[in-house]
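For reference, the structure is listed below as structure tokens.
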Amino acid sequence: MACSAGWGGAAWMDAGESQSSSRQYTDGLMADYGDHEATDDPLHILRHSTAHLLAAAVTELYPDAKYGIGPPVQDGFYYDFAFSKPISESDLGAIESRMRRIAQEDRSFVKETMTRQQALDEFGKRGQDYKLELINDKVEGDEVSVYRTGDFLDLCRGPHVRSTRDLKFFKLLRVAGAYWRGDEKRPQLTRIYGTAWPSARDLEDHMKFLEEAEKRDHKKIGKDLKLFMVDERVGPGLPIWLPAGATVRRELERFIVDEELARGYQHVRTPDVARLELYKQSGHAQLYAEYMYPPMRFEDGEELELRPVNCPHHIVVYQSELRSYRDLPMRIAEIGNNWRYERSGTLSGMNRVRAFALNDAHIFCTPDQLMDEIKGSIDLALYFSKVLGIDEFSYRLSARDNVKEKWLGTEEQWQLAQAALIEALESMGQTYEMGIGEAAFYGPKIDFQVKDSHRREFTNSTVQVDFQLPLRFELEYVAEDGSRQRPVMVHRGAAGAMERLFSYLIERYIGAFPTWLHPIQVVVMPLTDVQRIYAEQVVERLRRGRIRVELDARSQKVDRKVRDAKLQKVPYIVVVGPKEVESGLLSVRDRTDKQAQESLDSFLDRVSREVAERAR
RNA sequence: GCCCACGUAGCUCAGGCGGUAGAGCAUUUCCUUGGUAAGGAAAAGGUCCCCGGUUCGAAUCCGGGCGUGGGCUCCA
């Protein structure tokens, strides 16, 4: 990944920060809608109709409001409006009440067909400029389909429910800004989001889901369990890993590095900065400038740059010696810090930050080796996913679109690279969806898409094929026949960025990490002061056995200590009272609340094994 | 960056239509020595995000910042 970044979704060239969270709303549901395809998905129809109901209510309450578009989305719908004076979430109650009233009135959704001119007249009369624009830009032919709901008129293909009375189980959720037709340079409209369901039960379930999502949010758990913090004195997007979080990260890094070493990677350490010149050569200084920190300039003329990617450094490693085909493939890896000045409005907890450590590697190989290296990279990402518990993800083959200026390289190189990625996926029996226009500028990539607790999609792992950087840096190796040949580069981030991986894992486990990762693996609590010495001995023994153990010798009742340990999601709670001292056993309680008497040796052995196996 | 909301003790939050502020939990101390999800008491803890303005007086009103959260491709 690395160079480009499947990471934040911003490949060097992806100035637009493509796969932002908004994508969730467009998946599936909207895909065909945009192509003017009618749908008969009842849920889709219900939500789209509720969007009309919303617009009808808004235009009644705010007669001069202009409406834009209002499609169904994941779990609900939205509608965009231009209000003459801003509205806020406190206005949603009144709008929702009006919606319910209209729903009660049993207004039917009536489809009409009019000529283009009639439609222009109708919407013109109502001052609906955005609709006029849509008719002019989007409607082909002379027939325009509109829907009437009482006085409310909307440009729409439908279909819709029969009557507003069919709309019962909905709720307005929030307002947000959204650029008209997604273009930053155009006016920003006020988007109202809502959710709609076929039954009260479904609506209730969804509201419960939202509540749950709030509880498992990594920002909340990160605070509760003291995993990380963000302090404005340090800066936005620059999280601090507290001792507990740093422990988890250390375990992750050990695991990752050990596995990569076992797979023939060579780990290096390279500086977080380099001369600006290096990024001019790689192209970042020109093409990725908007995400880069300004160069540090010194009086002697030195210009140093915080690196946004690791690839140039790894290229320097490659070029430190003349390489033979016998050396290839060379897999140069590093958990390297990357610095990207992301737009302030996009930052979020540990998931989207301005400095992050990428589980990065660059594989330099011959064209013949490319396929195996792609497969190997996918296989590694799959292995990490399996061990870490990333059970749900989808593959996205990110290809280029037809805007020629956006991509470097020849048609042939792109086809070659893409064919290789597809073949690799298919040979491994994996299915994927296409992400047109999501490629890195130098080549296509496979992105592993995962979802956070709010079902927002983001890229974790990525595998990319690159023919361009080898060219820019004039990489070569000595081939069998003594000629100089150009290697191919594979950029891959198998476990993604540590920060984003961490945020994912926190939500995946709701803070109850597998024992091998958990910051505190065992808490030992003496029942009374009398058992304190014994408890200390138990702690000492476990600690020497490399178990992360804490002693809870507060003069509190066990109930209290157990409660606190449970809130910390500690895997094992060990209570020692008079009975244990006498029998020489421990009373062990695990996270499933099973309790058992066990000898210290057996317990230590069992936990050690669980840790070694990275069981979950 | 832009839109909306929010920013009060370490945490979760009350309150305050202008007279310098409260609870619970956490912390500290004392009492309590209790068998698996909160024992009791006391103490301590706050530039009410920051900077300006209005005012006799601002945490409260106004303006400007900063920070946090949710949104912002395409989309009849």
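The values are calculated or read from the model by the stated rules, or taken from the named source; none is laboratory data. Note that the structure is predicted; figures quoted are calculated from it, not measured. With ideal geometry, Cβ positions are generated from the backbone for all residues, glycine too; neighbour counts draw on all protein chains shown. Note: accessible area is taken over every heavy atom of the protein model, side chains too, but ligands, DNA and RNA are not part of it. Shrake-Rupley method; radii C 1.70, N 1.55, O 1.52, S 1.80 Å.
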Quick check, is A:ALA119 closer than 13 Å to A:ALA51 by Cα and in contact with a strand residue (DSSP E or B) (Cβ under 9 Å, 6 or more places away or on another chain)?
no
Of residues in segment A:151-203 being on the phi > 0 side of the Ramachandran plot and assigned to a helix (DSSP H, G or I), the one nearest to RNA strand B (Cβ to nearest atom):
A:GLY182
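Can you name every residue in segment A:339-370 that is of a type in the set (Gly, Ala, Ser) and more than 14 Å from RNA strand B (Cβ to nearest atom)?
We begin by selecting, within segment A:339-370, every residue of a type in the set (Gly, Ala, Ser); these are A:344-345, A:348-349, A:355, A:357, A:361.
Those that are of a type in the set (Gly, Ala, Ser) and more than 14 Å from RNA strand B (Cβ to nearest atom): A:ALA357, A:ALA361.
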Looking at (1) under 22 Å from the mean Cα position of the chain (by Cα); (2) in a helix (DSSP H, G or I), find the lone condition where A:GLY237 falls short.
(2)
Failed item, numbered, when A:PHE473 is tested on (1) away from RNA strand B (no atom under 16 Å from the Cβ); (2) in contact (Cβ under 8 Å) with a residue 24 or more places away in the chain; (3) touching a Lys or Arg at 6+ places or on another chain (Cβ under 9 Å)
(3)
Close pairs (6 angstrom Cβ cut-off, 6 or more residues apart or separate chains): without any contact (Cβ under 8 Å) to a residue 12 or more places away in the chain in segment A:574-598, open to solvent by 30 Å² or more (accessible area, probe 1.4 Å) anywhere:
A:GLN595/A:ARG589
Across segment A:46-82, which residue is nearest to A:GLU96 (Cα to Cα) among those that are among the charged types (D, E, K, R) and not in a strand (DSSP E or B)?
A:GLU60
Can you name the residue in segment A:599-616 that is crowded, with 17+ Cβ neighbours inside 10 Å and more than 32 Å from the chain's Cα centre (by Cα) and, of all such residues, is farthest from A:GLU259 (Cα to Cα)?
A:LEU600
Among the residues of segment A:573-586, the number that are under 41 Å from the mean Cα position of the chain (by Cα) and either open to solvent by less than 20 Å² (accessible area, probe 1.4 Å) or at pLDDT below 95 (or both) is 2
Which residue out of A:ARG116, A:ARG126 is assigned by TED's automatic domain parsing to the domain that holds A:LEU155, more than 10 Å from RNA strand B (Cβ to nearest atom) and either more than 17 Å from A:ARG157 (Cβ to Cβ) or charged (D, E, K, R) (or both)?
A:ARG126
Quick check on A:GLU277: is it assigned to a helix (DSSP H, G or I) and more than 26 Å from A:LEU505 (Cβ to Cβ)?
yes
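Could you check segment A:505-521 and list, in sequence order, the residues that are open to solvent by 10 Å² or more (accessible area, probe 1.4 Å) and either part of a strand (DSSP E or B) or away from RNA strand B (no atom under 14 Å from the Cβ) (or both)? Step through it out loud before you land on a result.
Applying the first criterion (open to solvent by 10 Å² or more (accessible area, probe 1.4 Å)) to segment A:505-521 yields A:507-510, A:512, A:519-520.
Once the filter is applied, which keeps residues that are open to solvent by 10 Å² or more (accessible area, probe 1.4 Å) and either part of a strand (DSSP E or B) or away from RNA strand B (no atom under 14 Å from the Cβ) (or both), segment A:505-521 yields A:ARG508, A:TYR509, A:PRO519, A:ILE520.
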Kindly provide the set of residues from segment A:72-87 that are touching a Ser or Thr at 6+ places or on another chain (Cβ under 9 Å) and open to solvent by 10 Å² or more (accessible area, probe 1.4 Å), ordered by number.
A:GLN74, A:ASP75, A:ALA82, A:PHE83, A:PRO86, A:ILE87
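Which residues, counting only those in segment A:445-470, are outside any strand (DSSP E or B) and in contact with a Leu (Cβ under 9 Å, 6 or more places away or on another chain)? Spell out how you get there, then give the answer.
Here is the first cut: in segment A:445-470, the residues outside any strand (DSSP E or B) are A:452-456, A:467-470.
Within segment A:445-470, A:HIS454, A:PHE467, A:GLN468, A:LEU469 qualify.
Sort through A:LYS208, A:LYS219, A:LYS215 and tell me the only one that's within 10 Å of RNA strand B (Cβ to nearest atom) and either within 22 Å of the chain's Cα centre (by Cα) or within 30 Å of A:ARG100 (Cα to Cα) (or both). Before you say what the answer is, go through the steps one by one.
Working: A:LYS208 fails: within 10 Å of RNA strand B (Cβ to nearest atom); A:LYS215 fails: within 10 Å of RNA strand B (Cβ to nearest atom).
Result of the check over A:LYS208, A:LYS219, A:LYS215: A:LYS219.
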A:ASP300 being loosely packed, with under 13 Cβ neighbours inside 10 Å and touching a strand residue (DSSP E or B) at 6+ places or on another chain (Cβ under 7 Å):
no
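Only one of these is part of a strand (DSSP E or B) and open to solvent by 20 Å² or more (accessible area, probe 1.4 Å): A:ARG326, A:ARG249, A:ARG269, A:ARG331. Name it.
Working: A:ARG326 fails: part of a strand (DSSP E or B); A:ARG249 fails: part of a strand (DSSP E or B); A:ARG269 fails: part of a strand (DSSP E or B).
Of the residues listed, the single one that is part of a strand (DSSP E or B) and open to solvent by 20 Å² or more (accessible area, probe 1.4 Å) is A:ARG331.
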Within segment A:406-434, how many residues are small (Gly, Ala, Ser), buried (at least 17 other Cβ atoms within 10 Å of the Cβ) and over 18 Å from A:ARG492 (Cα atoms)?
1
Subset of segment A:138-149, residues more than 7 Å from RNA strand B (Cβ to nearest atom) and surrounded by fewer than 16 Cβ atoms within 10 Å (Cβ to Cβ), comes to A:GLY141, A:ASP142, A:GLU143
Between residues in segment A:339-355 that are outside any loop (DSSP other than H, G, I, E, B) and residues that are open to solvent by 50 Å² or more (accessible area, probe 1.4 Å) and more than 9 Å from RNA strand B (Cβ to nearest atom), which pairs lie under 8 Å by C-beta distance while being six or more apart or on different chains?
A:ALA355/A:ASN337; A:ALA355/A:TRP339
